[in-house]
Structures are given as C-alpha cells and as structure tokens.
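Everything below concerns the one structure shown next.
The numbers here are math on the coordinates, done by the rules we state, and not lab data. Bear in mind that the values here come from a model prediction, so they are computed numbers and not experimental data. Glycine also receives a Cβ, built like all others from the backbone with ideal geometry; neighbour counts cover every protein chain displayed.
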Amino acid sequence: MPDAEHGPGRPADDTDLAEIDLGLLLALEALLRERNVTRAASRLNIGQPALSARLNRLRQVFADPLFVPAAAGRGVVPTTRAVELQAELADVLGKLRRMVEGPAVFDPVRSQRTFVVAIHENPAVTLAPGFVARLTSTAARARLAFVHPTRDVVDRLERGEIDILVTGADGAHGDLMQRPLFEDSFLSAQRKGHPRGNGALDLDRFCALDHLLISADGGGFSGLVDDALAALGRSRRVAVSIQTYALAPVILAHSDCICTLPRRFLMRFSHELDLTPPPLDLPPARIVALWHPRNQEDGAHAWLRECLYHAAAS
C-alpha cells in the first residue's frame, strides 16, 4: 500500500496478476496469522517444503522478503511490506469466501428489490389482485412492475430486465424454465336485460347475434371462436373489435353485443353481466410462467415465483 513518503508503486498489469494464485494468497494469510512456518503449514494441511516453495514465489511476486527469522530463532517476523499487504489480503480473501459461500438467504421483509413481470392483460386481471396482495403483505419495501410483453421479451429475460413472463402455453420457449399456472375455460357474456333473455345459448342464436372481439394486435375481426365455428361450417358477425380487455365489460354493459372470453376474467364482472357457456367446444386457455435459467437458484426469484403460484392456485 503506497504512502505519502514513498509515493505510489508501479501499477500492476495482468502479467503480474497471473503470477498469483489462491494458494499463494492463503499461504501469505497463514504466515501472517501464525508467524511460524510449521504452524502455518499445518493450518494449510501441507508440508513445510511446500509452504517454503510458496513463500519463495510470493517473494518473487512482491519483490520483498516478506518474512525474516525471528531474533529468538523461533518463528518469523513480517516485513513492513507484508504488514502493508495484510489488510488488503483480508479484504480480497473475505470477498472470495463470500463468493464461494453463495448468496445470502433472501429476506422479503428487508428486500427493496424491484421485480418486473411481463404479462398479458387477461391473465393480469386474473392474477394481479392476489399476486399484489401477497407481495405487498410480505415484502412491503419491495416493488412490482407489470409490463406488456414485447417481441424481445426472451432477450430481456436473459438480460435480467424482466423476471417472469406470464403467457399462453403456445408462447413457451425451449430455452426458458416454465411452470403451468392454470387452465381456463370460456364463457359468453352479455348485458343484464339483453333482448334475447338470459337462458342457454344454442348455436343458431349464438351465430345470429352481434359479437365483440378482443384483438391483441388491434383491428382484427377473427379469432379462436371463429376457428371453432369454421370447423362446424358456421360463422358469426363480429361487429366490434377492441384491443384491450378493460373496455369489454363497459361496451357489453351498454350494447347488445355478446363476447366470449376466459371464465376467470368474466367472473369478476358477474354482478353486472349475464354469463353462460358458449354453444361450442373451445380448447381451454393454458397459462404458464416462464423465466430464464439464470434465475432458477436465486432466492428472491424463487420467492417471487411462489407468490405467483399462490395467486394462480387461489
């Protein structure tokens, strides 16, 4: 360590660093602690000749004797240079030991981490209430951001910009870890007091009504229901196309359109809409959580996933 009297030493380069290995640093630490070659060798579980060889290499690296025989003939005494190295050596080895020990146990109560979840609007309406309630009650100082999935979402997961992606099972990616969250069936919704009444829908009546469709890309007038109808040789009239789920209950409540959407979403509006099963078989919507393998063993991420699983189960 340089001082005002001697000034800074020669800057070390990578060639200098390549001469130092962990065994040398541990030998220096043991000699500084024990001030005795025999005890230092025993501490390292190596023989005295091996320790002497390491000391010779240390002397070459630092261009200093580092240790000289004690006056009484027992043990060694560190040189000024060795004493100067002691504090920095303790810091370096402390950091290395902490690296090997692994991360600290995650404590949600103390965490101030910001978690980012990429999620589509429909599963967000289903999962967000329970998810947010659990997170804020157990990690009051943490923060949670919901963002809309973008085309580069996989790259953002890899870069650590997004923690979890919640999406349909068809959006799963082979390089990502995944876990199913829930399956959802479909219901058809209409306003209270709809002219058709609120009984069961048959296929003819279903096809004759005006429909509202949510087009995630915007402006589309065909979707899953139309594919199922086409397989039966039937069709419907989509009168209104919107891009957001939030508008659907509002429009349905003030029009004669009907809309077929995932059950969990529509059940939140059962007090203001009449709900009935659609008169055709639709494959269930399968929702999964995806994350990058880089986060698999991270304690904070594992805790976040558990919060999400709990919300999905409830």
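The table below gives the values:
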quantity: Positive minus negative residues near Ala30 (Lys, Arg vs Asp, Glu; Cβ under 13 Å); calculated: +3
quantity: Added length on full extension, which subtracts the Cα-Cα distance from 0.36 nm per residue, Thr138 to His254; calculated: 37.7 nm
quantity: Overall form of segment 112-160 per C-alpha gyration tensor (a/c, 1.5; a/b vs b/c); calculated: oblate
quantity: Spacing of the two label points (7 Å from each Cα toward its C-beta) at Asn198 and His173, in nm; calculated: 4.5
quantity: Size of charge dipole - segment 14-101 - debye, nearest 20, with Cβ of Lys, Arg +1 and Asp, Glu -1, no other charges; calculated: 480
quantity: Over the chain, volume per residue of the alpha carbon convex hull, in Å³; calculated: 212
quantity: For segment 186-282, the fraction of alpha-carbon pairs in successive 5 Å shells from zero, as %; calculated: 3, 14, 27, 28, 20, 8, 1
quantity: Spatial separation of Cα centroids for segment 248-271 and segment 107-129, in angstrom; calculated: 25
quantity: Segments 198-205, 112-119 sorted - mean Cβ within 10 Å per residue, highest first; calculated: 112-119, 198-205
quantity: Average Cα contact separation per residue, segment 190-271, under 8 Å, 6 or more apart, as relative contact order %; calculated: 40
